[in-house]
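Take a look at the structure set out below.
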Amino acid sequence: MQIDFSSIDPRDAYGWLVSMIVPRPIAWVSSQSETGVTNLAPFSFFNGVTSRPPTLMFVPVTKIDGTPKDTLRNIEATKEFVVNLVSAELGEAMSNTAAALPYDESEFERFAIESAPSDRVKPPRVAAAPISFECRLETITHLGDAPGIANVVFGRILCAHVQDAVLDGEGHIDPAKLDLIGRMGGDDYCRTSDQFSIKRPAH
Ligand SMILES: Cc1cc2nc3c(=O)[nH]c(=O)nc-3n(C[C@H](O)[C@H](O)[C@H](O)COP(=O)(O)O)c2cc1C
C-alpha cells in the first residue's frame, strides 16, 4: 500500500500521520495572558530539537475558524511558556485540559490542577509534573495554508525542574520512576515502563 500525501484530504493525512508517527511525547504547555490568566493544554506534535542551544518545539495548529489556540495567543503576546511532561498518573488530568475553555478561563482552576511558581518566566508550572522546562520563545515558523496552519513554536529552554522522586541513587533520571506516557493515534496512549537496550557500533 502507498499513501500519496500530495493528493490526500488533510483530515485523512492527520489520521494517518498520528497513527503512524508513534509514540509521540506530550508537551503539557502552561502559558499566561497579558492580564495574568493562566492556561494549560497538551500538544503531541512535540519534541526536543537540539541541546546547543537547548531547544524544544511543539505545534499548536490554527483553529478551523482561523483564530489561534489560547496557548499560541499567549506565547505570541508574552514570549514565555513552560513545557510540563506527563507521567501516567497525570494522564487523565492532562486529557481534561484539552477542553476548549473560553480564553479568560484557566484550566488550572477549572480542573483543580495545582500550580507551582516558575523561576525565570511568568507562567506557572504543573506542581505534580515530574519535569518542567521553563522556556522563552525563540521563533515561530508557520507551515501550510488556512485552515489549520501549523505554527511551529521553538522555545529556548532556560531551566528544568526535576522532581527528586524520579532520580536514581546517582542523581540521574530513572526512566522507570519517570513513567512518562506517549500518545498513539486517537485517544490511545502508551507507557514508557517497558524498556530494553541495543548496543551501538563502537565506530
Ligand atoms: C494528547 C493530546 C495531544 C494534542 N496535541 C495537539 C497538537 O500537537 N497540536 C494541536 O494544535 N492540538 C493538539 N491537541 C489539542 C489541544 O490540546 C486542544 O486544541 C486544546 O483545547 C488547546 O488549548 P488552548 O486553546 O488552551 O491552547 C492535543 C490534545 C491531546 C489530548
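FYI, it's all coordinate maths here, none of it is from the lab. All values derive from a computational prediction rather than experimental measurement. Reconstructed Cβ throughout: ideal geometry from the backbone, glycine too, with neighbour counts over all protein chains shown.
Key figures
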quantity: Anchor Lys79: aspartates and glutamates whose Cα lies under 12 Å away (excluding residues fewer than 8 positions away in-chain); calculated: Glu34, Glu134, Glu138
quantity: Cα-based reach from Lys63 at 15 Å (exclusive), listing aspartates and glutamates while leaving out same-chain residues under 8 positions away; calculated: Asp145
quantity: Euclidean distance of C-alpha centroids, the range 135-203 and the range 73-94, integer Å; calculated: 12 Å
quantity: Computed label-point distance, nm, for sites Ala88 and Ser51 using a 7 Å Cα→Cβ extension; calculated: 2.8 nm
quantity: Relative contact order for the range 33-86, counting Cα pairs under 8 Å that sit 6 or more residues apart, in percent; calculated: 32 percent
quantity: All aspartates and glutamates inside 20 Å of Lys177 as judged from Cα atoms, apart from same-chain residues fewer than 8 positions distant; calculated: Glu89, Glu92, Asp164, Asp168, Asp194
quantity: Helix-only mean residue ellipticity at 222 nm for the chain, each DSSP H run of n ≥ 4 adding -39500 (n - 2.57), per residue, nearest 500; calculated: -4000 deg cm²/dmol
